[in-house]
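The values are calculated or read from the model by the stated rules, or taken from the named source; none is laboratory data. Predicted model only: the values in this text are computed from it and were never measured. All Cβ positions, even for glycine, are placed from backbone atoms using ideal geometry, and neighbour counts span all protein chains on display. The area values use the complete protein model at the heavy-atom level, side chains included, leaving out ligands, DNA and RNA. Shrake-Rupley method; radii C 1.70, N 1.55, O 1.52, S 1.80 Å.
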Amino acid sequence: MQKPSHQSRQWGDAVFRGLTLLAALVMVGLILVIALQLIKGSQPAFARFGLGFITGSRWDPVHGDFGSLPLVYGTVVSSLIALIIAVPLSLGIAIYLAELAPQRVRAPLSFLVELLAAIPSVVYGLWGIFVLVPWIRTSLEPFLHRFLGWLPFFQGTFYGFGMLAAGIILAIMITPTISAVSREVLLAVPVSQREAMLALGATRWETIKMAVLPYGRSGILGAVILGLGRAIGETMAVTMVIGNRPQVSPSVFELAQTIASIIANEFSEAFDDLHLSALVMAGLVLFIVTLLLNIIARLLVWRVARAPEGMSRE
Amino acid sequence: MDTRLMAEDFSAWYGQNQVVKNVTLPVFANQITAIIGPSGCGKSTFIRCLNRMHEVIPGTRTRGRVLLDGENIYANRVDPVEIRRRVGMVFQKPNPFPTMSIFDNVAAGLRLHGLPPGTTAEEVVKRCLKMVGLWNEVKDRLRDSGVSLSGGQQQRLCIARALAVEPEILLMDEPCSALDPVSTMKIEELIKELKERYTIVIVTHSMHQAARVADYTAFFLNGQLIEFGPTSAIFTNPRDQRTEDYITGRFG
Ligand SMILES: Nc1ncnc2c1ncn2[C@@H]1O[C@H](COP(=O)(O)OP(=O)(O)OP(=O)(O)O)[C@@H](O)[C@H]1O
Ligand SMILES: [Mg+2]
């Protein structure tokens, strides 16, 4: 066979480089176009409310008053509840699957966990309405109120629906993602690290705690961020259980609303331009919040990943 | 001479594959015992049986006894975790903990087992780093990561880490194979100094290294112990033809 000439190989290189560059540019372009569209669409609302759109705490389509604070609050708090529940749970699952489970059950169990991530969110929403919400109303909320009712977070009417329901359903939805990715991270920790700790006379658990988890910490952080991203953007399941009332209340028993959920809810009924534009602007806020969170998360991962060198010279 | 460690009719398997076959080998107190033999003959597997590290690999099995000061470490009620504290190990590739500082690497074992009475972590870390000759090189950067050191320094750090829990015996599996000649020389010097206080078993690919540091040498072939004796005798006057073939470089 004849060897391809030097020139044609160089040419292939150039084509390949061009194509990948193009693909990268398309991505950047897409993001810019979306951002521009959102900015353009939100012009009327911005002209009317200015930055008050972000600080305003009333969202009232009937009176044409749009402030997105309750939506941002609902988005952030429901995601936070989800993380508080999902992170320890997922870490437990990942550690069990990667380190402790008997060889035979590892593969089937891991598969099951990944399967959970593939269930459509509307199904989670239905389950939330018929199983989770009644349980929260009759069991969880009375229980929390009895024992932790002195905290402002656990006061008010037991609706079942509300911030707590949204947080829990989000937790259930992001647990498979976080645990599956964390499991991969733990499996990628080199045997030499485990053996180093074991050879010092560490127990299995001490080895996990002192060698495996620290080694995988940036990857685990990445997994958590992935989960957070899903929680913030989740729409369907949240809409079905959160109660859809835009308000800022310290109590997680209260009805609430998130950005993603209100857009899905009101878009089809928004007939005046201001309302439409306010929804687009809410979308823009979501876009910015997600972007900021991702940037912070990225920085965190880099910081942690670099930590060995970075930390020491301080 | 005191026998610190004694393998008796010891065998080890990976699954169905037997790679250590009925080995009986003594390890004498405050002596350096080298294990030599061609690649794949079971040296690493055998040395890992001496502190019950073999069993952390799934699907492995052992048979026989290993006596530590006369007590069988494979007896039922013996806790392998305790054995590994008493019989330390240094691996072929330096494996410091990358998320820990130099200081914390050495102190890692202290966090597991607590401090010896009347000492501070600072004292123990300093003493161990001095023992491995690393103190002067790192004393101004103890907060740096363990992986910011060179390969040879990392291996000495790993030795210091193993010494910090005050083991009675130190097992070393080709501790110099990833290192340059100068680092190798430093570690060989170190091993010779350590024998004052510790009993050492070292696996090595290099017959020269065995000849330079070891008091006793064991020759393994295909999982069997072919010959064991004082290093000088093994190298100058081997009794077995296969040993002679190996040390004269006729195979392996
Ligand atoms: N984790 C493992 N699983 C299955 N078989 C293994 C494993 N580790 C080693 N073996 C096998 O056991 C035999 C002995 O391996 P061992 O690592 O003990 O040899 P060695 O003498 O240390 O060799 P080297 O000088 O190359 O390090 C080899 O045939 C090897 O293929
Ligand atoms: Mg080996």
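Which ones in the range A:178-195 are assigned to a helix (DSSP H, G or I) and either open to solvent by 30 Å² or more (accessible area, probe 1.4 Å) or within 14 Å of another protein chain (Cβ to nearest Cβ) (or both)? The answer is A:Val181, A:Arg183, A:Glu184, A:Val185, A:Leu187, A:Val191, A:Ser192, A:Gln193, A:Arg194, A:Glu195. Of everything listed in (1) in contact with a helix residue (DSSP H, G or I) (Cβ under 7 Å, 6 or more places away or on another chain); (2) touching a residue at least 12 places away in the same chain (Cβ under 8 Å), the single unmet condition for A:Leu198 is (2). Only one of the numbered conditions (1) open to solvent by 10 Å² or more (accessible area, probe 1.4 Å); (2) more than 13 Å from chain B (Cβ to nearest Cβ); (3) farther than 24 Å from A:Ser110 by Cα is not met by A:Ile172, and that is (3). Return a yes/no flag: does the range B:35-49 have any residue that is open to solvent by 30 Å² or more (accessible area, probe 1.4 Å), within 20 Å of the chain's Cα centre (by Cα), within 14 Å of another protein chain (Cβ to nearest Cβ) and within 16 Å of ligand 2 (Cβ to nearest atom). Yes - at least one qualifying residue is present in the range B:35-49.
Among the residues making up the range B:20-34, those that are of a type outside the set (S, T, N, Q) and buried (at least 19 other Cβ atoms within 10 Å of the Cβ) are B:Val20, B:Val23, B:Leu25, B:Val27, B:Ile32, B:Ala34. Where residues in the range B:67-93 are within 16 Å of ligand 1 (Cβ to nearest atom) and either part of a strand (DSSP E or B) or crowded, with 21+ Cβ neighbours inside 10 Å (or both), which of them is farthest from the other protein chains (Cβ to nearest Cβ)? Ranking the candidates gives B:Val90 first. State yes or no: is B:Thr45 over 25 Å from B:Ala29 (Cα atoms) and β-branched (Val, Ile, Thr)? Here the answer is no, as B:Thr45 does not meet what is asked.
Taken over the range B:7-34, the criterion of being near ligand 1 (Cβ under 8 Å from one of its atoms) and in contact (Cβ under 8 Å) with a residue 60 or more places away in the chain is satisfied by B:Val19, B:Val20. With respect to the conditions (1) within 16 Å of ligand 2 (Cβ to nearest atom); (2) crowded, with 19+ Cβ neighbours inside 10 Å; (3) farther than 28 Å from B:Gly109 by Cα, B:Thr243 lacks only one, and its number is (1).
Scanning the range A:87-106 for residues that are hydrophobic (A, V, I, L, M, F, W, C) and away from every other protein chain (no Cβ under 14 Å) yields a total of 7.
Being touching a residue at least 40 places away in the same chain (Cβ under 8 Å) and away from ligand 1 (no atom under 16 Å from the Cβ) is a property that holds for B:Leu157. The residues of the range A:29-66 that are open to solvent by less than 70 Å² (accessible area, probe 1.4 Å) and aliphatic (A, V, I, L, M), listed by number, are A:Ala35, A:Leu38, A:Ala45. Taking the criterion of being touching a residue at least 24 places away in the same chain (Cβ under 8 Å), away from ligand 2 (no atom under 13 Å from the Cβ) and under 22 Å from B:Pro175 (Cα atoms), the residues of the range B:50-60 that qualify are B:Leu50, B:Asn51, B:Arg52, B:Glu55, B:Ile57. Being more than 16 Å from ligand 2 (Cβ to nearest atom), touching a residue at least 60 places away in the same chain (Cβ under 8 Å) and under 13 Å from the mean Cα position of the chain (by Cα) holds for only one residue in B:Arg4, B:Arg86, and it is B:Arg86.
Taken over the range A:196-219, residues that are open to solvent by 20 Å² or more (accessible area, probe 1.4 Å) and either away from chain B (no Cβ under 14 Å) or assigned to a helix (DSSP H, G or I) (or both) amount to 11. Listed by position, the strands (runs of 3 or more DSSP E) enclosed by the range B:122-232 that each have at least 3 residues that are modelled with pLDDT of 95 or more and open to solvent by 10 Å² or more (accessible area, probe 1.4 Å) are B:224-230. Based on this model, can you work out whether B:Pro58 counts as part of a loop (DSSP other than H, G, I, E, B), within 16 Å of ligand 1 (Cβ to nearest atom) and within 14 Å of chain A (Cβ to nearest Cβ)? Answer is yes for this residue.
B:Asp173 passes every criterion in (1) without any contact (Cβ under 8 Å) to a residue 24 or more places away in the chain; (2) within 14 Å of chain A (Cβ to nearest Cβ) apart from (1).
Check whether at least one residue in the range A:122-142 is surrounded by fewer than 18 Cβ atoms within 10 Å (Cβ to Cβ) and either outside any helix (DSSP H, G or I) or of a type in the set (D, E, K, R) (or both), and report yes or no. No, there is no match, as no residue in the range A:122-142 is surrounded by fewer than 18 Cβ atoms within 10 Å (Cβ to Cβ) and either outside any helix (DSSP H, G or I) or of a type in the set (D, E, K, R) (or both). The set of residues from the range B:94-141 being more than 9 Å from chain A (Cβ to nearest Cβ), among the charged types (D, E, K, R) and under 25 Å from A:Arg204 (Cβ atoms) comprises just one member, B:Asp104. Out of the residues in the range B:94-105 that are part of a helix (DSSP H, G or I) and open to solvent by less than 10 Å² (accessible area, probe 1.4 Å), which is farthest from ligand 1 (Cβ to nearest atom)? Filtering first and then ranking leaves B:Ile102. As a summary of the residue check, A:Val26 satisfies the conditions (1) open to solvent by 60 Å² or more (accessible area, probe 1.4 Å); (2) closer than 30 Å to A:Val185 by Cβ except for the one numbered (2).
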